[in-house]
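Asker: To start, I am sharing the structure in question, which I have written as structure tokens.
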Amino acid sequence: MLELKKYNATNANYRLAIDILSNLKLSDNLDNAEREKLFIEDICKRVQKNGTVLYLLRDEDETFGFIALSVSSIDTFPSLQVDYIFVSESYRGVCLEKLSDTKTSTYLIEFAIEIAKEIQDQVGLRYLVLLPDNDRLQSVYKVMGFQVLAKQEWMFIKL
Amino acid sequence: MALIIQDKQVVYIAPPVKLTKDEKKVLENASVNHKLIKKATSRKYKIV
């Protein structure tokens, strides 16, 4: 059964990064893998400090990736921020039947939209925002529906 | 993503706190992608 395991300050401990790293496959490229490891360790520390909430996408057999979300604002507009999104190397760019023939990254972004709409309904929210790591990812996020914020590299979806 | 690496350290990047008039216009005049939101919110997500 497909599920999103939620980690926040109440259930995350010092082993979180170890557990997550042991269940996900980093990039084959060693430099990229090292960057990913640093990001994941940092994100897990932020989870422990209540700075972000991490949702690990998995089923009985596999762990596909995760998304980390936090409350933010862009100028004065309340926003939900994608702190980090990670897809296991084995599942990158692949539409999975288990995810309704959707790519893991798309599935996680759509999940973030669902969370954003729930927050919007409860307390008000205007945008889902993220900062792509590179130009290639910016193109990927454009296809998903994100718009570029003028000269800034930040991207957003209006809710 | 809001993390970058500088000098082998992870650095957190916050969204801009002050936008230009043009940037604000881009934000405020953006259209809502109802099709995308409907697709995203019609799926059942099991959070555990």
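Asker: Which numbered condition in (1) within 24 Å of A:Val143 (Cβ to Cβ); (2) crowded, with 19+ Cβ neighbours inside 10 Å; (3) touching a helix residue (DSSP H, G or I) at 6+ places or on another chain (Cβ under 9 Å) is the only one that A:Leu96 fails?
Answerer: Every condition holds for A:Leu96 apart from (2).
Asker: Continuing with the same structure: Of all residues being of a type in the set (Val, Ile, Thr) and in contact (Cβ under 8 Å) with a residue 12 or more places away in the chain in the range A:83-122, which is nearest to the other protein chains (Cβ to nearest Cβ)? Just the residue, please. Steps first, please.
Answerer: Of all residues in the range A:83-122, those of a type in the set (Val, Ile, Thr) come to A:85, A:87, A:94, A:102, A:104, A:106, A:109, A:113, A:115, A:119.
After this cut, where a residue has to be in contact (Cβ under 8 Å) with a residue 12 or more places away in the chain as well, the list is A:85, A:87, A:104, A:106, A:109, A:113, A:115, A:119.
Values: A:Ile85: 7, A:Val87: 12, A:Thr104: 14, A:Thr106: 9, A:Ile109: 8, A:Ile113: 4, A:Ile115: 9, A:Ile119: 12 Å.
Looking at residues that are of a type in the set (Val, Ile, Thr) and in contact (Cβ under 8 Å) with a residue 12 or more places away in the chain, I get A:Ile113.
Asker: Another question, then. Taking the range A:23-39 on its own, how many of its residues are in contact (Cβ under 8 Å) with a residue 12 or more places away in the chain and under 17 Å from B:Asp7 (Cα atoms)?
Answerer: 3
Asker: Read through the list (1) within 8 Å of chain B (Cβ to nearest Cβ); (2) in contact (Cβ under 8 Å) with a residue 24 or more places away in the chain, then give the number of the only condition that A:Arg58 fails.
Answerer: (1)
Asker: Is the range A:106-113 home to any residue that is in a strand (DSSP E or B) and within 11 Å of the chain's Cα centre (by Cα)? Let's see the steps before the verdict.
Answerer: Narrowing the range A:106-113 to residues in a strand (DSSP E or B): none.
Scanning the range A:106-113 turns up no residue that is in a strand (DSSP E or B) and within 11 Å of the chain's Cα centre (by Cα).
Asker: Condition first: over 23 Å from A:Lys6 (Cα atoms) and among the polar types (S, T, N, Q). Now tell me which residues in the range B:5-48 satisfy that.
Answerer: B:Gln6, B:Gln9, B:Thr20, B:Asn29, B:Ser31, B:Asn33
Each reported figure results from applying straightforward, stated rules to the coordinates on display, with no laboratory input. As the structure is a computational prediction, the values presented were derived from the model and not from experiment. Please note: Cβ atoms are built from the backbone with ideal geometry, for glycine as well, and neighbour counts cover all protein chains shown.
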